Amino acid sequence: MKAFVLILVLGSYLNFGVLGSKYSRTVNDPKKDTRDDAGVEFSIAKLNKVWEKAIRLQLAPVKQAELHSDLKIQEKDELHWKKLKAEGMDEEGEKEAKLRRNFNVILARYGLDGKKDTRNLESNFLKDHDNTDTNMFDDPRLDKLWSKAKTSGKFSEEELQNLNREFQHHKDKVQEYNIVMETVSRTEDVFKNEISPSEMEIKEHVLHEKHAELKEKLRNINQGFERLRKISHHGFDVDSEFKEPRVAELWDMAKEGNFTDDELESFKEELRHFETKVEKHKHYQEQLELSHQKLKHVEALGDKEHMVRNKEKYTKLAEKTREMGYKMKKHMQDLTSRLAREALQHNEL
């Protein structure tokens, strides 16, 4: 028993140490932003470590830009949580747990969690759908659907790119669901082993919310897979309200919600603006990949003058792509959260 208590104390000490360094004054002091002169990209230490690892592993340019956008959102959310914590909120640690899950999702999404070789992410963004890896989606059902879609002859080059993004998006959702499920299982074990009967009633609502979140995520995954199955067999619906897969999925979710006609029409209009933002971001991603290919070609030729000009253009494109990616992902996060809240409220009625 003494050994167990000692482990808990040490664990708490180490966890405090991690939080202390993660939000340390030297890294996070807003009055002394050393990002530009010291090469520090983010104001949170662990996010910088992830970014440095991605650079070191030479993650493909578009993947780097996507990762940067995700880390910016994580940074914003964690700094917001820090303020809430200082004000005495999040006593149950629910928001902190969600942040930890989101961080683990990012690591898994880009192969930076140590569980998968990151080199398979160094692919050509414009030709991702040519990948012949039979396990590219880590799901036999998805791999089988993708193989059928590629060889069906029903899709143009652009449609295959869009479909590939939709498959990747579905894969991300499955990864996130698995991480949430593992977290819930660990939480249940802790409650059973460490919480007294008098405290159990207070904590039960936490588990109830987590199970409701899991149920909603699983429902969303099943609907997403059915959508992929239909598209893979029959092609994209030419009469669909939206062409961009992620936007079309949000619209499907909204139609199944409990919105009034006016609310639904208003949401549709917002989705139209969002789709324009997504398409613009996709255009910049394509330009970034082309710029990277041109830069490599010029470097191979050894033309220093052209190399400098192309490097400047590539750097500006990368920054713009990251900025647009952050705004697009943040908008996507807000829209998804609104739909999720509406769905949970509807299920509780």
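Restricting the first member to region 270-292 and to residues that are among the aromatic types (Phe, Trp, Tyr), and the second to residues that are part of a helix (DSSP H, G or I) and open to solvent by 60 Å² or more (accessible area, probe 1.4 Å), the beta-carbon pairs closer than 8 Å and six or more apart or on different chains are Tyr284/Lys320. Take the conditions (1) farther than 30 Å from Glu92 by Cα; (2) modelled with pLDDT under 90; Leu271 misses just one of them, which is (2). Scanning region 329-349 for residues that are at pLDDT 85 or above and within 13 Å of Met253 (Cβ to Cβ) returns Met332, Leu335, Thr336, Ser337, Arg338, Leu339. So is Glu182 at pLDDT below 85, buried (at least 17 other Cβ atoms within 10 Å of the Cβ) and either in a helix (DSSP H, G or I) or on the phi < 0 side of the Ramachandran plot (or both) or not? The answer is no for Glu182.
Give all pairs with beta carbons closer than 7 Å in which a residue from region 224-251 that is among the hydroxyl-bearing types (Ser, Thr, Tyr) meets a residue that is assigned to a helix (DSSP H, G or I) and surrounded by 14 or more Cβ atoms within 10 Å (Cβ to Cβ); count only pairs at least 6 apart in sequence or on separate chains. Within 7 Å, the pairs are Ser232/Leu145; Ser232/Ala149; Ser240/Ala248. Tell me, which helices (runs of 4 or more DSSP H) lie completely within region 43-153 with 1 or more residues that are modelled with pLDDT of 95 or more and more than 30 Å from Glu209 (Cβ to Cβ)? In region 43-153, the matching helices (runs of 4 or more DSSP H) lie at 45-56, 61-86. Inside region 239-263, residues that are assigned to a loop (DSSP other than H, G, I, E, B), over 21 Å from Lys282 (Cβ atoms) and open to solvent by 50 Å² or more (accessible area, probe 1.4 Å) make up a count of 5.
The values are calculated or read from the model by the stated rules, or taken from the named source; none is laboratory data. As the structure is a prediction and not an experimental result, all values here were calculated from the model. Neighbour counts are summed over all protein chains in view; Cβ atoms, including those assigned to glycine, are modelled from backbone coordinates with ideal geometry. Heavy atoms of the whole protein, side chains included, go into the accessibility calculation; ligands, DNA and RNA do not. Shrake-Rupley method; radii C 1.70, N 1.55, O 1.52, S 1.80 Å.
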